[in-house]
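This report concerns only the one structure given below.
The values are calculated or read from the model by the stated rules, or taken from the named source; none is laboratory data. The structure displayed is predicted, hence computed values, not measured ones. Note that we place each Cβ from the backbone using ideal geometry, even for glycine, and neighbour counts take in every protein chain shown.
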Amino acid sequence: MIRLERRPAPSRAWAWATPLLAVLATMVAGGLLFAFLGKDPLLVIRTIFWDPILGEFAFYYRGQLLVKAGPLILIAIGLSLGFRAGVWNIGAEGQYIMGAICGAAVGLAFYPLEARWLIFPLMVLAGGLGGFLWAMIPGILRTRFNTNEILVSLLLVYVAEQILAWMALGPLRSPDGAGFPGSRNLRHYDSAANHELIAGSGMHWGVVAAFIAVILGHVLLSRHILGFNIRLAGASPRAARFAGVNPGLLVLTCLGASGALAGFAGLFEVAGPAGQINIDFNVGYGFTAIIVAFLGRLHPVGILLAGFLMALTYIGGEAAQATLGVPAAAIQAFQGMLLFFLLALDVMTNYRVRIDARARA
Amino acid sequence: MRREPGSDGARRVSTPLLEVRGLRKAYPGVVANDDVSFAARRGEVHALLGENGAGKSTLVKTVYGLLRPDEGRMMLDGRDYAPASPHDARQAGVAMVFQHFSLFEALDVAENVALGMEVPPPMRELATRIRDVSETYGLPLDPNRLVGTLSAGERQRVEIIRCLLQDPQVLIMDEPTSVLTPQEVAILFETLKRLRTEGKLILYISHKLEEIRALCDWATILRHGKVTGSCDPRQKSARELAETMVGSELALPAAKTREPGEVALSIAGLTAASGAAFGTELKDLFLEVRRGEILGIGGVAGNGQDELLAVLSGEARSAPDSILLGDLPIGSFGPNERRALGVLAAPEERLGHATAPDMTLVENAALSGRRRMGMVSRGFVNWGKARAHAEHVIAQFDVRVPGAGSVARSLSGGNLQKFVIGREILQQPEVLVVNQPTWGLDAAAAAAIRQSLLDLAGQGAAVIVISQDLDELMEISTRFSALNEGRLSKPRDTDGLTLEEIGLMLGGAHDLEAGQGLSMPDRAVGSGETSP
C-alpha cells in the first residue's frame with residue numbers, strides 16, 4: 001500500500017526542487033501534447049524555451065522578454081503577499097485594466113499640455129489608485145459581509161472588461177481616430193508616454209517598478225512586522241489572532257497592495273508597449289501572474305525568475321504559433337500544466353511517500 | 001471507594017454480553033487505557049463515567065474497532081471479539097452514535113441513512129423501514145426531510161436510526177446529550193429505556209452525573225486511563241460519583257500560607273458570546289486575581305474555557321470597564337496592548353493557536369514577544385532579539401530541540417508546551433493566564449511546568465490556571481473556582497476545600513444556590529461508608 005506520510009518538518013530540498021521538476025514535467029507532458037497535435041515535440045520545446053534567448057532572432061525576442069516579464073513580476077509580487085496570508089485575489093486582471101483606464105484617463109485629460117514632470121507621475125498615481133479601489137470591492141465585501149473574495153474578484157474582471165470596451169468605444173475614444181475604437185496613442189504624447197529607457201532593451205518604467213517591487217517585497221516579508229503578520233496569518237489564522245493581528249485589516253492591506261501593483265502594471269503597459277486603451281488591451285497578464293506567483297514559491301526572488309520563465313513561454317509560444325502553426329490554445333494549456341504540476345509536486349514538500357509491504361492490519 | 005453493593009449479586013448471575021479484560025492502549029507519551037476491565041450484560045444501560053482525558057473515548061473506539069488495543073482481550077456474547085475495523089464491529093452487532101454527526105445537509109434523511117449502509121434497500125422500502133423504526137422507538141422523524149432543516153436532536157435521531165436499522169446488540173453513545181435541549185433529552189431517554197427492555201446493551205459515555213443517575217443501571221468509572229470504580233449509580237449520590245471520578249487518592253494540599261497581594265486583575269459582570277460555532281457563552285462572570293496567588297479554574301472542557309482565555313488574552317474584546325488591570329479598564333484592548341501592560345496568556349491548543357506549526361521557534365518567539373521584548377522598532381523586526389528570546393526559553397525551560405530554527409510542529413507536545421509557557425514567563429508577566437498547561441504531558445514535563453507557575457506566583461505575579469486536572473489545581477492553586485456552562489462559581493480557598501465541595505462545584509450543580517434542588521446526601525453520614 002502506498003501512503004503519504006506527513007514530514008515532521010517541511011523539506012527544504014523539495015521546496016526548491018519542485019519548481020524545476022514542474023518545468024521538466026511540463027516539458028514532457030507538453031511534448032506529448034504537441035506530438036498528438038502532429039508537431040515535432042523537441043522542435044516546439046526548443047522554439048519556446050531556447051530560440052527566444054539564443055536562437056537566430058534572439059536580438060528581437062530579448063527585448064520582448066523584459067516587456068512581458070515586467071508586468072507579470074509586478075502583479076505577481078502583489079498577489080504573493082495575499083497568497084501568503086490566505087487572501088485569494090484572482091482578479092488582478094481586472095485591477096490591471098482599471099489601473100490602465102484610470103492612468104490613461106488622467107494622461108488624456110491633460111492632452112495636449114506639455115508638462116511631463118506633472119502628468120506622468122499623476123498618471124502613475126491614478127493607475128495605482130484605480131487598481132487599489134477595484135480591489136477594495138472584494139476586500140470590503142469580504143470583511144463586511146464575509147463574501148468569497150475569489151469569486152468576487154474574478155467576476156469583477158469581466159465587469160472591468162466591459163468598462164474597458166465602453167471606454168474604448170465611448171469616453172476615451174480618440175477624436176482623431178475616424179470613428180475607430182481606441183483612445184489616442186499615449187506613446188505619441190511625450191508628457192504621458194512610458195518610453196523605453198534604453199533603446200531595444202525593452203526596459204521601461206514598469207520593469208524598473210517590478211524590480212523595485214521585488215526588493216521591497218523581499219524586505220517586507222523577511223524583515224518587516226507586516227510581512228511577518230502576513231506569513232503568520234497564512235500559516236495559522238488562529239495564532240495570528242493570538243499575536244494581535246487584525247484579520248480584516250490584513251485582508252484589506254493584501255488586496256489593496258496587490259490591486260495597486262496590478263494597477264501600476266496596467267498603467268505602465270497602456271502608456272508604453274500597448275500605447276492606447278482599446279478593446280483588446282488586456283492579454284491575461286493578471287491571470288498568468290497567479291502561475292508566476294506560485295511557480296516562484298511566493299518568494300520575491302523566485303517570482304523574479306518565474307516571471308522571466310513565463311515571459312519566455314509567452315514569447316516562445318507566439319513564435320511557435322507563427323513558425324510551427326501550434327494552436328494558441330495548446331500554448332495556454334502548456335502554461336496551465338506548469339501550475340498543475342507545480343501544485344501536485346508541492347505535496348512532496350510536506351509529505352513523503354511510504355510504501356508498505358502489506359496493508360496495516 | 002471501590003466496593004460492591006449488596007444488590008450486585010443478581011447482576012453477576014447472568015453472563016455478560018460484552019466483556020473487556022486487561023485492555024491497554026498507549027500513545028506516545030500517554031497511556032490512554034491501562035488494564036481496563038469491565039463487563040456489561042444485556043438489557044443494561046452501562047455508563048462509562050470519567051472526566052475528559054480519562055480514556056472513555058479510547059475505550060469505546062477500541063470496542064467499535066477504530067483502535068486496536070496493545071494488550072488485553074474482549075469477549076462478545078461469550079466469544080472472542082477483536083474487530084479490525086468498524087465494519088467488523090457492525091457485523092458483530094456493535095453500533096456507535098458519535099458525538100459529532102457525519103451527515104450531509106443537502107440530502108434528506110433516507111438518503112443519509114442509505115449512504116451509511118453496506119447494501120441499501122430501494123429508497124421507498126428504506127423510507128418505510130425508517131418510519132417503522134422511528135415509531136417503534138418513539139423517535140419522531142420524517143424520512144423525506146432535508147437534514148439541513150433538522151435540529152441537533154433530530155440529526156442525532158438520524159444517526160440512532162441508522163444504527164438501529166442494523167439491529168445491533170450493543171449501542172455505543174458518546175456524550176449524546178451534549179447537543180440536546182432538555183425536551184430532546186427526555187425523548188432520547190425514553191428510547192434508550194425501550195431499547196433496554198428489548199435486551200440491548202447500551203454503553204453510555206458521559207460526565208454528567210445527574211443524567212447517569214437517572215438513566216443508567218451500572219457505571220464503570222475511569223480516571224487517567226484506569227478503572228477506579230464500578231457501581232450502581234442509582235444507589236450513589238452525585239457527590240460520591242464525583243469523588244470516584246476525581247479520584248479517591250486526590251491529595252489535598254498542605255495549608256498554603258501566602259500573603260495575598262493587591263488585586264491585579266478583575267472581571268466584573270462580563271457576558272460574552274463565543275466567537276466559534278457551538279461555543280459556550282460566558283455568563284455574568286465575576287473574577288478577581290491577586291498578586292502572588294494562583295487562581296485555579298476547574299471544569300470539564302467545553303464549558304467556556306477557550307472563551308474565558310480569549311476574553312483575558314484580548315482575542316475577544318469586551319466593554320472597556322468589564323476587565324480592570326488594577327484600576328485601568330482594558331476590556332477593549334487587543335492582545336498586544338495587553339501584553340505591553342503585562343497581561344500574557346498561553347492558550348490550550350499548542351499547535352495552531354499558541355504557535356504557528358510551520359514556523360520556527362524564533363518566529364514563534366516573535367509571535368507573542370514582539371511588543372514586550374522590544375523586538376520591533378519602526379516596523380522592522382529585530383530577528384536577533386527574537387532568536388535570543390527563543391534560545392533563552394529553550395535553555396531556561398529545558399526544551400529539548402535541535403535549535404531555535406526548528407519548526408514548532410517538529411517538537412513533542414511536552415517540549416512545545418514548555419516553550420509556550422516559558423515564552424510567556426520569561427517576558428515577566430504581571431498577570432499570566434494559562435489554559436490546560438499540562439494536558440497530555442508526561443509527569444516530568446507537567447511537574448516542571450507546574451513548578452514554573454508556582455515560581456512565577458512566588459515572584460509576585462498573578463496567575464490564572466484553567467485546567468481539567470483537579471490534582472493539578474489542588475496542588476498549585478491558592479483559590480479554586482469551577483467553570484460550568486459559561487458560569488464561574490464563587491471562588492473558594494483551596495485550603496480546607498473538601499472533596500465533596502469540589503464535586504458539587506463541578507458535578508452538574510452550576511452554583512451552590514442552584515444546587516439546592518439536587519438530591520444531596522446527609523453530610524453527617526456522607527462519609528462514603530454507609531450502605532445505600
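The table below lists the values:
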item	result
Pairs with Cβ under 9 Å, 6+ apart, first in the range B:63-86 and more than 14 Å from chain A (Cβ to nearest Cβ), second surrounded by 18 or more Cβ atoms within 10 Å (Cβ to Cβ) and among the acidic types (Asp, Glu)	B:Arg73/B:Glu19; B:Met74/B:Glu19; B:Met75/B:Glu19; B:Leu76/B:Glu19; B:Gly78/B:Glu19; B:Tyr81/B:Glu19
Pick from the range B:270-297, criterion in a loop (DSSP other than H, G, I, E, B) and polar (S, T, N, Q), ranking: modelled with the lowest pLDDT	B:Ser274
Test for B:Ala404: is it within 26 Å of B:Arg372 (Cα to Cα), of a type in the set (A, V, I, L, M, F, W, C) and not in a helix (DSSP H, G or I)	yes
Hits in the range A:130-167 - residues which are of a type in the set (Gly, Ala, Ser), farther than 17 Å from A:Ala257 by Cα and either modelled with pLDDT under 95 or under 18 Å from the mean Cα position of the chain (by Cα) (or both)	A:Ala160
Residue within the range B:74-82 that is surrounded by fewer than 20 Cβ atoms within 10 Å (Cβ to Cβ) and either closer than 29 Å to B:Ser151 by Cβ or within 26 Å of the chain's Cα centre (by Cα) (or both) present	no
Selection count, the range B:457-473, where residues are within 18 Å of the chain's Cα centre (by Cα) and of a type in the set (A, V, I, L, M)	4
Count - residues of the range A:230-246 that are on the phi < 0 side of the Ramachandran plot and free of Cβ contacts under 8 Å to residues at least 60 places away in the same chain	11
Residues of the range B:143-171 satisfying the condition of being in a loop (DSSP other than H, G, I, E, B) and surrounded by 15 or more Cβ atoms within 10 Å (Cβ to Cβ)	B:Pro143, B:Leu150, B:Leu165, B:Gln166, B:Pro168, B:Gln169
Only one of B:Leu328, B:Leu308, B:Leu361 that is buried (at least 19 other Cβ atoms within 10 Å of the Cβ), of a type in the set (A, V, I, L, M), modelled with pLDDT under 95 and on the phi < 0 side of the Ramachandran plot	B:Leu308
Given (1) out of contact with any strand residue (DSSP E or B) (no Cβ under 6 Å at 6 or more places or on another chain); (2) surrounded by 20 or more Cβ atoms within 10 Å (Cβ to Cβ); (3) away from chain A (no Cβ under 14 Å), number of the condition B:His353 does not satisfy	(3)
Top-ranked residue in the range B:390-433 [being within 13 Å of another protein chain (Cβ to nearest Cβ) and under 30 Å from B:Ser266 (Cβ atoms); ranked as surrounded by the fewest Cβ atoms within 10 Å (Cβ to Cβ)]	B:Glu424
Enumerated helices (runs of 4 or more DSSP H) restricted to the range A:200-290, each holding at least 1 residues that are touching an Asp or Glu at 6+ places or on another chain (Cβ under 8 Å), surrounded by 24 or more Cβ atoms within 10 Å (Cβ to Cβ) and away from chain B (no Cβ under 14 Å)	A:205-223, A:247-271
Residue in the range A:34-55 that is free of Cβ contacts under 8 Å to residues at least 12 places away in the same chain and within 14 Å of chain B (Cβ to nearest Cβ) present	no
Enumeration of residues in the range A:294-314 that are farther than 17 Å from A:Leu20 by Cβ and either among the hydroxyl-bearing types (Ser, Thr, Tyr) or surrounded by 24 or more Cβ atoms within 10 Å (Cβ to Cβ) (or both)	A:Ala311, A:Tyr314
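Let's see how each residue does on (1) in contact (Cβ under 8 Å) with a residue 60 or more places away in the chain; (2) assigned by TED's automatic domain parsing to the domain that holds B:Gly304; (3) within 23 Å of the chain's Cα centre (by Cα):
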{"site": "B:Glu125", "(1), (2), (3)": "no, no, no"}
{"site": "B:Val133", "(1), (2), (3)": "no, no, no"}
{"site": "B:Pro168", "(1), (2), (3)": "yes, no, no"}
{"site": "B:Leu171", "(1), (2), (3)": "yes, no, yes"}
{"site": "B:Leu188", "(1), (2), (3)": "no, no, yes"}
{"site": "B:Gly225", "(1), (2), (3)": "yes, no, yes"}
